[in-house]
Amino acid sequence: MSRKAYPSDVSDEEWAFIAPYLTLMNEEAPQREHSLREVFNALRWMIRTGAPWRMMANDLPPWYTVYQQSQRWIKAGVFEAVVADLREILRITAGKKAKPSAAIFDSRTLHSSPESGARAEYDGAKRKKGSKTHIAVDTLGNLLALFVTPADEQDRAQVGKLAEKVQEATGETVEIAFVDQGYTGEKAAEQAAAHGMRLEVVKLAEAKKGFVLLPRRWVVERSFGWAARFRRLARDYERLPETLAGLHFLAFAVLMLKRFMSIMS
């Protein structure tokens, strides 16, 4: 590499782990003009700094190359596969079973941008117009499932879809999902039960004073905090909701890969 390294660059050890996931081309494919590692570095730089696609740094591959390759990775489910494998590794190293039996559900509303404004709706509870990311994590905070809807969609209405995605990711091992009061109601419970899952609502103490850490619920809030380190995810800057979801999986893949390397060192 002839350029000066960025803090977001993938390390040699990380690259050795993740490179097999990123290689989508077969033997008949034409020779790449740009290094696959540099394309991945450019994507990591963009999501961490929050820069627009067309303002990619001059010493990285051109934006259109990075965008096209990132769309291939997202459509192929590459980052979901990385997260799934790392999640099992991190759980085992933490002394837990590879497949979780419990999950935590929550959502986060992101302000819209001119790019995503056409599909944005208003979230009256959060007083934001934009998109809502519905997320499920295990009890360690590792990502299980995530998808994007307009911000006016109620959390309880998405339980069925989120539970289905969680069971697909885990092989139907999750038995219980911890949720907040936005997931109450018979219909939400029935949707979860249809996928072999029970909802347990963690309620806020009535006589609370100041900030209170809720049992189990704080884990998913910490996961949101991890994602907030990536400035591209501070708002919904993407034209496609699939791209926004894919970049979330990329962010967790970056975080989990770094954690795995720190354990191995």
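The values are calculated or read from the model by the stated rules, or taken from the named source; none is laboratory data. Note that this is a predicted model, so its numbers are computed, not measured. Don't worry about glycine lacking a Cβ; one is built from the backbone with ideal geometry, like all the others, and counts go over all protein chains shown. Side chains are part of the model used for accessible areas, which takes the heavy atoms of the whole protein and leaves out ligands, DNA and RNA. Shrake-Rupley method; radii C 1.70, N 1.55, O 1.52, S 1.80 Å.
Of the residues screened, VAL159 is not one that is open to solvent by less than 20 Å² (accessible area, probe 1.4 Å), part of a loop (DSSP other than H, G, I, E, B) and of a type in the set (A, V, I, L, M).
ALA57 falls short of the stated requirement of being within 26 Å of TYR237 (Cα to Cα) and in a helix (DSSP H, G or I).
Among residues that are surrounded by 13 or more Cβ atoms within 10 Å (Cβ to Cβ) and within 27 Å of ALA169 (Cβ to Cβ), LEU22 is included. Cβ-Cβ contacts under 9 Å between residues 6 or more apart (or on different chains), taken from a first residue in the stretch 189-208 that is more than 17 Å from ASP155 (Cα to Cα) and assigned to a loop (DSSP other than H, G, I, E, B) to a second residue that is modelled with pLDDT under 90 and open to solvent by 90 Å² or more (accessible area, probe 1.4 Å), are listed as LEU204/GLN181. You will find that of ALA194, ALA207, the residue that is modelled with pLDDT of 95 or more, over 30 Å from ARG54 (Cα atoms) and of a type in the set (A, V, I, L, M) is ALA194 and no other.
How about the stretch 83-97: which of its residues are of a type in the set (D, E, K, R) and either assigned to a helix (DSSP H, G or I) or within 14 Å of the chain's Cα centre (by Cα) (or both)? Outline the logic, then answer.
Residues of the stretch 83-97 of a type in the set (D, E, K, R): 85, 87-88, 91, 96-97.
If the condition is that a residue be of a type in the set (D, E, K, R) and either assigned to a helix (DSSP H, G or I) or within 14 Å of the chain's Cα centre (by Cα) (or both), then ASP85, ARG87, GLU88, ARG91 are the ones that fit.
Wholly within the stretch 98-138, which strands (runs of 3 or more DSSP E) include no fewer than the required count, namely at least 3 residues that are buried (at least 16 other Cβ atoms within 10 Å of the Cβ) and touching a Phe, Trp or Tyr at 6+ places or on another chain (Cβ under 6 Å)? If you could, list the steps in order and put the result at the bottom.
On the way: elements: 102-111, 121-123, 128-137.
Once the strands (runs of 3 or more DSSP E) in the stretch 98-138 are filtered for at least 3 residues that are buried (at least 16 other Cβ atoms within 10 Å of the Cβ) and touching a Phe, Trp or Tyr at 6+ places or on another chain (Cβ under 6 Å), what remains is 128-137.
Taken residue by residue, the stretch 66-82 has at least one member that is modelled with pLDDT of 95 or more, over 19 Å from the mean Cα position of the chain (by Cα) and either open to solvent by less than 60 Å² (accessible area, probe 1.4 Å) or over 27 Å from ARG239 (Cβ atoms) (or both).
Can you spot a residue in the stretch 176-184 that is assigned to a strand (DSSP E or B), farther than 17 Å from THR243 by Cα, small (Gly, Ala, Ser) and touching a strand residue (DSSP E or B) at 6+ places or on another chain (Cβ under 6 Å)?
Keep residues of the stretch 176-184 that are assigned to a strand (DSSP E or B), which gives 176-179.
Right, trim to farther than 17 Å from THR243 by Cα and you get 176-179.
Then keep just the ones that are small (Gly, Ala, Ser); that gives 177.
Right, trim to touching a strand residue (DSSP E or B) at 6+ places or on another chain (Cβ under 6 Å) and you get 177.
Within the stretch 176-184, one or more residues are assigned to a strand (DSSP E or B), farther than 17 Å from THR243 by Cα, small (Gly, Ala, Ser) and touching a strand residue (DSSP E or B) at 6+ places or on another chain (Cβ under 6 Å).
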